[in-house]
Each structure stands twice: as structure tokens, then as C-alpha cells.
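Student: Dumping the structure here so I can ask a few things about it.
The values are calculated or read from the model by the stated rules, or taken from the named source; none is laboratory data. Since this is a predicted model, take the numbers as computed values, not measurements. Here the Cβ positions follow ideal geometry from the backbone for every residue, glycine too, while neighbour counts run over all protein chains shown. Side chains included, ligands, DNA and RNA excluded: accessible areas come from the protein's heavy atoms. Shrake-Rupley method; radii C 1.70, N 1.55, O 1.52, S 1.80 Å.
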Amino acid sequence: MKPKGKSKRTIMIPPPLIPLLKLHQQTQQAEKEAAGERWQDYDLVWCHPDGRPIDAGQDWDEWKELLRLAEVEKDARVHDARHTAATLLIEQGVDISVVQEILGHSQLTTTKRYTHITATLSTEAAARMGRALWG
């Protein structure tokens, strides 16, 4: 899907993901060749073996299966993964304005609503304060 708004943006991805995406691209190319004239080109990264879009219900079922396999106990929506990504980036010390850019938010206040204070962040903040005051 095109991003909200009229602007295009480049999305950076973690380097370890690149070979996995290239492998997927090769698999998809083989499916395209096998489908021949039945291939429907929607220019999708994830699709059926004949190029058709994946049904939203099937996508939802696969998401739920991933949560189960990962032993995630919370009943999370796909959109919740954006909140998790934002919080993980903040935990890794990524500046919030960079997180804003990654998520494609035009307002920093929106990004702040996406991030959550975790025990890791609170513990690190206390440790930093301790180092600042007592060395």
C-alpha cells in the first residue's frame, strides 16, 4: 500500500533481513515462472503463488499463528508491532526523531504515543543518574 499522505519515503531495513528478502524474491520469481500466464502482477512482496493479494483473513490467521509460535501471550494486533518496534528502537538508544522518521510520522507527538516506557528504560535511567551523582 502507498503510505498515508502524498510523499514517498525510503525505508531502511536491518542488514540481516536483506538476504532473507532476496531469497523470498527468488522463490517468488520461481512461482511467477511456474504460474506462467496465470500470474497476476500486482507488484506485491507477499502474495499467493499466482501473484494475487493475500486475503486479509488469511493474513490475520497467519499473524495469530506467529504469535502462538513465539509464545506471545498478549492478543496483539498487527498494528501493535509498530508500537513494539518504536519501543525497541528507543531501548536501543535510537533518537526519537529517527524513530519518528522510520515510522513515517509527521508529528513527534504521534511518535511519543507509540513508544512505551519499559523496565529496561527505567533501570537504565536510574543507573545513569547513579553514575552522574556518585560516579
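Student: Give me the percent of the accessible area of the chain that comes from carbon and sulfur atoms, probe 1.4 Å, all protein chains in place.
Tutor: Answer for the chain is 58 percent, counting heavy atoms of protein chains only.
Student: Using a cut-off of 17 Å between alpha-carbon atoms, which aspartates and glutamates can reach K74, once sequence neighbours fewer than 8 places away in the same chain are excluded?
Tutor: Answer for K74, where 17 Å is the Cα cut-off: D61, E62, E65, listed by chain and number.
Student: With every protein chain left in place, what is the accessible area per residue of the chain in square angstrom, probe 1.4 Å?
Tutor: 82 Å²
Student: Taking only DSSP H segments of four or more residues, each worth -39500 (n - 2.57), what value at 222 nm results for the chain once the sum is divided by all its residues, to the nearest 500 deg cm²/dmol?
Tutor: After summing the helix terms and dividing by the residues of the chain, the value is -17500 deg cm²/dmol.
Student: Go through the range 53-61 residue by residue and turn each phi into a ³J(HN,Hα) via Karplus (6.51, -1.76, 1.60, θ = phi - 60°); whole Hz please, and just put x for glycine and proline.
Tutor: Values, residue by residue: x, 6, 4, 4, x, 5, 4, 4, 4 Hz.
Student: Note the angle between two axes, namely the Cα long axis of helix 119-134 and the longest principal axis of the Cα atoms of the chain, as a number of degrees from 0 to 90, rounded to the nearest 10.
Tutor: 30 degrees
Student: Could I have the simple spin-label model distance between E73 and D41, label points 7 Å from Cα toward Cβ, reported in nm to one decimal?
Tutor: According to this spin-label approximation, the distance is 5.0 nm.
Student: Another question about this same structure. From largest accessible area down, sort Y114, Y42; use a 1.4 Å probe on the protein chains.
Tutor: Of Y114, Y42, the descending order of accessible area is Y42, Y114.
Student: Within straight cross-link reach of K8, meaning Cα distance under 17 Å, which lysines are found once same-chain residues fewer than 8 apart are removed?
Tutor: Reachable lysines: none.
Student: Along the range 90-98, what does the Karplus equation 6.51 cos²θ - 1.76 cosθ + 1.60 (θ = phi - 60°) give for ³J(HN,Hα), rounded to whole Hz, x for Gly and Pro?
Tutor: Listing the rounded values in order: 4, 4, 7, x, 6, 4, 4, 5, 6 Hz.
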